[in-house]
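Take a look at the structure below.
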Amino acid sequence: MPKDSQSGPISALFGVVKPSGPTSMALVNDVKKLVANSPLFVEESKLAKKAGKSGRKGKYGRDAVKIGQGGTLDPLADGVLVIGVGKGTKKLSQFLDCVKEYRTTCLLGCETDTYDSEGKQVRTAPWQHVTREQVEKALEQFRGEIEQVPPVFSALKMDGIALYEYARKGIPLPRPIEKRKVTVHSLDLIEWKGSDHSFRWPEKKFTKEEQEAMEKALKSVDDSVSIKDEPEADSSTSQVPTAFVLRMKVSGGTYVRSIVHDLAHALGSAGHVVTLTRSRQGSFALEPTEEGDRACIPWEVFEEALKDEGEPDAGGRKKWEREVLDKLEVVS
């Protein structure tokens with residue numbers, strides 16, 4: 001761990017606990033406002049030059065220090081977001097392919113275009129027949145090395161056009177979406193919520209025209225595709241659909257949303273993600289348990305500093321800098 005007496009700026013990696021809501025880049029940009037003003041990461045000569053004749057601190061240019069993140073989390077998702085500063089940015093690519101751990105809540109009976117609660121209802125399907133035992137049995141086919149088809153409503157491109165553009169405009173896909181080989185090291189049902197929860201299906205729904213457009217795009221490569229509601233025979237609008245929580249350890253490139261989507265299909269239902277937490281990315285973890293693990297910095301630490309950094313301590317460090325120093329990994 002670096003000491004306060006260490007001279008010169010450092011390059012580093014550290015984990016931040018991202019809250020659900022903001023984008024990953026929005027948080028990175030906020031952290032940069034602090035980092036670019038800190039002697040912990042920027043040369044004193046540059047900071048002095050920045051202060052200029054006014055003698056007051058101001059925003060330094062974008063090139064004051066390099067900063068980036070090692071794997072975006074969706075706005076809905078929370079948990080570990082690895083940030084690299086200086087030479088640490090060159091190490092970020094290793095976090096794209098490393099093993100990651102997630103916790104996610106699946107809500108049955110409704111499929112959305114984004115495979116999560118941020119999207120629109122695409123179709124509904126029966127869910128009351130699904131039991132805990134059925135889920136646990138179905139999980140077996142999703143462990144080990146599996147092939148995944150990325151969501152059609154994703155930014156992945158085919159012949160220069162984003163997949164979601166095909167689906168929205170009813171443009172026939174030129175070929176099937178390419179499957180990806182991923183490894184699911186572990187996958188377990190850790191909580192059966194049943195109907196004892198506050199989650200509900202999204203209120204926004206696909207129009208008939210949107211359903212037909214998506215069906216047209218997909219039928220071009222799979223004639224068996226049908227995007228129609230399959231109402232529960234004895235359901236009522238007052239019934240709360242079943243929800244359950246999964247924990248998984250997966251290889252880089254794995255779509256957690258696709259696992260939930262495909263699992264729901266395997267259960268003869270439909271489903272989507274309503275919560276998603278990345279609990280580990282490489283050695284950065286929400287709950288360090290292994291040798292070499294590093295804890296992450298709560299977002300509130302940066303949020304507070306953005307409002308008021310406070311005065312430095314006897315060692316010249318501000319509160320947020322001490323928190324970062326305590327948990328970062330120095331990159332030489």
- Across C110, C296, C98, the residue with the highest GNM fluctuation in the chain (Cα network, 10 Å cutoff) is C98
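Grab the Cα-Cα distance for T289 and V225, subtract it from 0.36 nm times how many residues apart they are, and report the gain in nm with one decimal. Show your work: numbers first, answer last.
Details: separation 64, 0.36 × 64 = 23.04 nm, distance 4.45 nm.
Using 0.36 nm per residue and subtracting the Cα-Cα distance, I get 18.6 nm.
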- Query: Which peptide among 27-35, 277-285 comes first, and what is the full order, when sorted by highest mean count of other Cβ atoms within 10 Å?
  - Reply: 277-285, 27-35
- Give the angle, between 0 and 90 degrees and rounded to the nearest 10, that separates the Cα long axis of helix 256-266 from the longest principal axis of the Cα atoms of the chain. 10 degrees
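Where the accessible area of the range 206-304 is counted over protein heavy atoms with a 1.4 Å probe, how much of it, in %, is carbon and sulfur?
Details: 2070 of 4590 Å².
Solvent-exposed carbon and sulfur of the range 206-304 make up 45 percent of the total.
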- Task: Kindly work out what percent of the DSSP beta bridges joining two residues of the range 98-279 are antiparallel, to the nearest 5.
- Result: 95 percent
- Message: Run the Debye formula on the Cα coordinates of the chain, all scatterers equal and no solvent, and tell me log10 I(q)/I(0) at q = 0.09, 0.14 1/Å.
- Response: -0.58, -1.09
- Message: Checking a compactness column here: for the range 158-273, what do you get for Rg(Cα) / (2.2 N^0.38 Å), N being the number of residues?
- Response: 1.25
- When ligands, DNA and RNA are left out and all protein chains stay put, how many square angstrom of accessible area per residue does the chain have with a 1.4 Å probe? 51 Å²
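The values are calculated or read from the model by the stated rules, or taken from the named source; none is laboratory data. Computed from a prediction, not measured in an experiment: that's the story for all the values here. A quick note on method: Cβ atoms are made from the backbone with ideal geometry, for glycine too, and the neighbour counts reach across all protein chains shown. Surface accessibility is based on the protein's heavy atoms, side chains included, excluding ligands, DNA and RNA. Shrake-Rupley method; radii C 1.70, N 1.55, O 1.52, S 1.80 Å.
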